[in-house]
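Quick notes on the structure that follows.
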Amino acid sequence: MDEHLPHVYRFALRLTGCRQEAEDLTQDTFLRAWRQRGRLRDADAVRAWLFTIAKNLWSDRLRRKGRRPAVVETLQEDHQSAAVAADRELIVQEDVRRVLEAMDSLPARQREVLHLHACDGFSLGEIAAILGISVDAAKANLCEARKRLRRQFREIDCGACRSEKK
Amino acid sequence: MAEPRCEQLDEYLCGWLSPDEAAEFAAHLAGCSACREECAVQRRIDRLLAEGAAGIEPVPAALADRIERGVRAARRRRRVGWACALTAAAGIVLALGLWGAPRSSFLRNDARPVVTAPVAADDLPQQPVLPSSAKPQAAAIARVTLVDSSSAILVPVESHSPNVTVVRIYPTVKIAREGAKPSP
């Protein structure tokens, strides 16, 4: 569990946009995985299996609540806790924060696809299986997400440069 | 990013192009400053996402314990559930056995097995009483018929498991003389 917990938790954060809900979703994911452990066919695909469970659980909750996936709130507490690091580290952390903010502002499907690809290194086929979509849809969403992210990141970068010059 | 070729940037960076297509895009990249800039931004983003997210979004310390507790509780519930199910199953089997055994088809009146065997004189009615020192001898061939199954005798037998009850079923029989005394 220790190996997969950080990955599942961060994916849950991307899905829910809320730390408390991400914790609940992560716990429920591991509980369901334990109950359904007999269904796991390929031991090498544990992480993808866990992500599929998390995604299904979250979809069920959204359906029950009649809620659309919201734009993810920025996780300020986490970001602020990183601000005690050294200068160089601080700059990197600030860049990470910007990218995560940009990613969290993407539409839900693009955000999920991008997270699975960029943060967890899943292939298009694995992403399609986890999210229950076609490989073509996964690819199209990923390309669009990357384009949007580049655009947003450049805008943020330029804004930061302008404010530094002032 | 004006050329159609520029649209292949993500496919190139993700390694989705065929070797020929990748070579063509690489040639295009050498002459397209916009694509080179996009490539640099995307590689920076990829690096930040892959390496940075883990550090900036740590797992809450108590979450692992919470999950462990949840799994332990689920395991306990499952054990209790199995125990209840096994007890219930044993009860059902016992009840069915007690109810069904005397009524099973092999004991029904229309299918009574008939056995013939030599019987000792002691077993036959209206025979003279033999001296106690004499060995019982076969006095006649008797026909043994299982009588009504409802009059079977059930004798509980001690078992080693509290969840299992063993019952011996002794069907009652009717003995009737059939033949003459067998020759010695």
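Things to note:
- Amide H contacts under 5 Å for B:Thr165, placed H, 5+ residues apart: none
- Sorted largest first, extent of the stretch A:1-73 alpha carbons per principal axis (Å): 34, 23, 16
- Cα gyration tensor category, rounded, prolate or oblate, for the stretch B:4-56 with a/c compared to 1.5: prolate
Coordinate-derived values only; no laboratory data. Owing to the predicted nature of the structure, the values given are computational and were not obtained by experimental measurement.
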